[in-house]
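The values are calculated or read from the model by the stated rules, or taken from the named source; none is laboratory data. Quantities reported herein were computed from a predicted structural model and do not represent experimental measurements. As a convention, Cβ positions derive from the backbone with ideal geometry for all residues, glycine included, and neighbour counts pool all protein chains shown. The protein model used for the area step is the full one, side chains on, heavy atoms only, and it has no ligands, DNA or RNA in it. Shrake-Rupley method; radii C 1.70, N 1.55, O 1.52, S 1.80 Å.
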Amino acid sequence: MKKILVTGGAGFIGSHLCTRLIEEGNEVICLDNLYTGSLSNIAHLSTSKHFSFMTHDVSNSFYYDHLDEIYNLACPASPIHYQLDPIQTTKTSVLGAMNVLGLAKRTGAKVLQASTSEVYGDPDQHPQSESYWGNVNTVGIRSCYDEGKRCAETLFMDYHRKHNVPIKIIRIFNTYGPRMMPHDGRVVSNFILQALRNRDITVYGDGSQTRSFQYVDDLINGMLLMMKTPNDFTGPVNLGNPNEFTIKELAERIIEMTGSKSKIVYKELPEDDPKQRKPDISYAKKMLNWEPKIDFKEGAARMIKYFDQL
Ligand code: NAD
Ligand code: UDP
């Protein structure tokens, strides 16, 4: 039985990851400061004697005697949340990375970093492959998240090169699914909630910006495969679904799928909002034998059902 630490385990993705790790017979410690996560996300795990929860902020150090693996997910992911306390967001990514890497160095654990497509910024290469260095504003309102995650990647690579820590970096593209907070502020949860309540659908800008949406179960499969790769394989590897569409198309699809009476309204586009985003996943296919299996129609139907029952 492996002993696995999941930071940010009470959040949207983290709670799905903890669930899978427990189902696969591991001992799981979930460490989270509940900034955007909640105990209700992990309530179903509380009966397992192999699951434990610790309230803690990753920017302050923490100690365990023995660990086999660490998944570092702690960090708010929705722009409204990471911009609320931007200094803390940078601390969470950078000091959090240093703390998990120090822990991995001491315990010999493998450590996986949940990085992001935001390291590509507002990309001028399309689709984005891992070899692209990105186009990131260092002084904008998204920088606390983007630069924090970029610096975390640097720390992961340097701990690997200097101290031989077995590291894994995945770059996650927009992911959605049950347990996203209804008021999380991200686009899929916003639009589904608005559509189900027949409220205006808030498209920012003219809606011509694109994203590519991945269902959470596909991501979890990719994360587990990445952790199983040999110690000399670090990534970074993109994990996302390349089915790209515009935000306006997304609004139209959700209105159609929910049979909603909602109308689309246009709001101001936030500063530095990336104009396009689509993962090149050929590296993940080659190295992990992974590709997403759940298309948007199926994934959105599951999420609509979940939000409808809230
Ligand atoms: P989330 O906000 O639901 O989860 C983040 C979790 O981290 C929450 O439980 C939160 O309470 C916890 N957390 C935040 N700051 C912390 C701190 N200082 N100490 C301890 N815990 C802290 O977001 P999510 O969508 O589940 O994202 C999880 C990870 O995946 C994040 O690192 C995010 O950057 C990354 N990611 C997500 C997406 C996506 O589309 N969902 C895309 C790219 C990367
Ligand atoms: N967006 C939107 N309406 C909303 C929320 C988001 O039009 O109610 C847009 C946002 O401006 C961006 C895209 O949807 O262009 C994805 O936003 P999200 O916050 O989900 O993720 P990110 O920008 O980090 O990819």
Practice item. Output the qualifying pairs, or none if there are none: Cβ atoms under 8 angstrom, residues six or more apart or on different chains, first residue in segment 6-24 and closer than 20 Å to residue 228 by Cβ and within 16 Å of ligand 2 (Cβ to nearest atom), second residue part of a strand (DSSP E or B) and not small (Gly, Ala, Ser). Key: 13/172; 13/175
Exercise for review: Select the strands (runs of 3 or more DSSP E) contained entirely in segment 198-259, then report the ones holding at least 2 residues which are in contact with a strand residue (DSSP E or B) (Cβ under 9 Å, 6 or more places away or on another chain), aliphatic (A, V, I, L, M) and open to solvent by less than 70 Å² (accessible area, probe 1.4 Å).
Suggested key: 201-204, 237-239
Revision key, fill the gap. Taking segment 104-163 and the residues there that are assigned to a helix (DSSP H, G or I) and hydrophobic (A, V, I, L, M, F, W, C), the one that is nearest to residue 212 (Cα to Cα) would be 119
Check your understanding: Just a yes or no: is a residue in segment 128-146 touching a Leu at 6+ places or on another chain (Cβ under 8 Å) and not hydrophobic (A, V, I, L, M, F, W, C)?
Key -> no
Study note, to complete from the structure: Considering residues that are free of Cβ contacts under 8 Å to residues at least 24 places away in the same chain and open to solvent by 30 Å² or more (accessible area, probe 1.4 Å), the number found within segment 123-133 is 4
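Which of the residues that make up segment 149-164 are surrounded by fewer than 24 Cβ atoms within 10 Å (Cβ to Cβ) and in contact (Cβ under 8 Å) with a residue 40 or more places away in the chain? Quick ask: steps written out before the conclusion?
Step one: filter segment 149-164 for residues surrounded by fewer than 24 Cβ atoms within 10 Å (Cβ to Cβ), giving 150-151, 153-155, 157-164.
Within segment 149-164, 151, 153, 155, 157, 159, 160, 163 qualify.
For every residue, the table says whether it meets (1) in a loop (DSSP other than H, G, I, E, B); (2) modelled with pLDDT under 95; (3) surrounded by 19 or more Cβ atoms within 10 Å (Cβ to Cβ); (4) β-branched (Val, Ile, Thr).
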{"position": "5", "(1), (2), (3), (4)": "no, no, yes, no"}
{"position": "15", "(1), (2), (3), (4)": "no, no, yes, no"}
{"position": "21", "(1), (2), (3), (4)": "no, no, yes, no"}
{"position": "40", "(1), (2), (3), (4)": "no, no, no, no"}
{"position": "44", "(1), (2), (3), (4)": "no, no, no, no"}
{"position": "49", "(1), (2), (3), (4)": "yes, no, no, no"}
{"position": "77", "(1), (2), (3), (4)": "yes, no, yes, no"}
